[in-house]
Amino acid sequence: MSHDLDAIAAQLRRNGFRMTPQRQLILDAICELGGHVTPEEVVQRVQAITPALNRATVYRALNFLVEQRIITVTLLPDGKFVYELAEGEPHHHLVCRACGASVQLPHAALSEFYRLMEKQYDFRVDMTHISFFGLCKNCREGSA
């Protein structure tokens, strides 16, 4: 997984912010770790490079990068949050509460839901990374 730091820095500047060394380290860590990474994994990776960078700074930067839509956050069934770059087509997840299996859904699968929320409730959903929790077919059949 890679990231375009110039494009991200430009996005931050357009929003009145700048690319700090800490933010760059955190983005680098997310890319190097790949996939969905926990905050603790990010903390360990950046502290291996810069031990003085404390946990609170990493957590604040992760939240900031989510607010800026540079990374996305997903809640897992065990209550942990995981982060990944918000690049490419937005997607969602179906997550089994029993076995933890996850299926990725394309954003288009929810397009009607988004239209309905806006039309019926005059509410524009702006989340592009949603997890739905339930039971997969194997776990449902195993518990029957």
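Could you list, in sequence order, the residues of segment 115-144 that are over 27 Å from ASP78 (Cα atoms) and of a type in the set (Ser, Thr, Tyr)?
TYR121, the sole residue that qualifies.
In summary, ALA98 fulfils each of the numbered conditions (1) at negative phi; (2) in the same structural domain as ALA10 (by TED's automatic domain parsing); (3) touching a residue at least 12 places away in the same chain (Cβ under 8 Å) with the single exception of condition (2).
When ARG60 is tested against (1) at pLDDT below 95; (2) within 22 Å of ALA9 (Cα to Cα); (3) of a type in the set (Lys, Arg), exactly one condition is not met: (1).
For segment 58-97, name all the residues that are of a type in the set (Val, Ile, Thr), under 17 Å from GLN24 (Cβ atoms) and buried (at least 18 other Cβ atoms within 10 Å of the Cβ). Break it down stepwise before answering.
Narrowing segment 58-97 to residues of a type in the set (Val, Ile, Thr): 58, 66, 70-74, 82, 95.
Remaining after also requiring under 17 Å from GLN24 (Cβ atoms): 58, 66, 70-71.
Listed by number, the residues that qualify are VAL58, ILE70, ILE71.
Checking each residue in segment 32-81 for being closer than 19 Å to THR128 by Cα, in contact (Cβ under 8 Å) with a residue 12 or more places away in the chain, outside any loop (DSSP other than H, G, I, E, B) and not β-branched (Val, Ile, Thr) picks out LEU62, PHE64, LEU65, LEU75, PHE81. Residues in segment 9-25 that are surrounded by fewer than 13 Cβ atoms within 10 Å (Cβ to Cβ) and either among the basic types (Lys, Arg) or touching a Cys at 6+ places or on another chain (Cβ under 6 Å) (or both): ARG13, ARG14, ARG18.
The values are calculated or read from the model by the stated rules, or taken from the named source; none is laboratory data. The structure displayed is predicted, hence computed values, not measured ones. In this analysis, Cβ positions are derived from the backbone assuming ideal geometry, glycine residues included, and neighbour counts consider all displayed protein chains.
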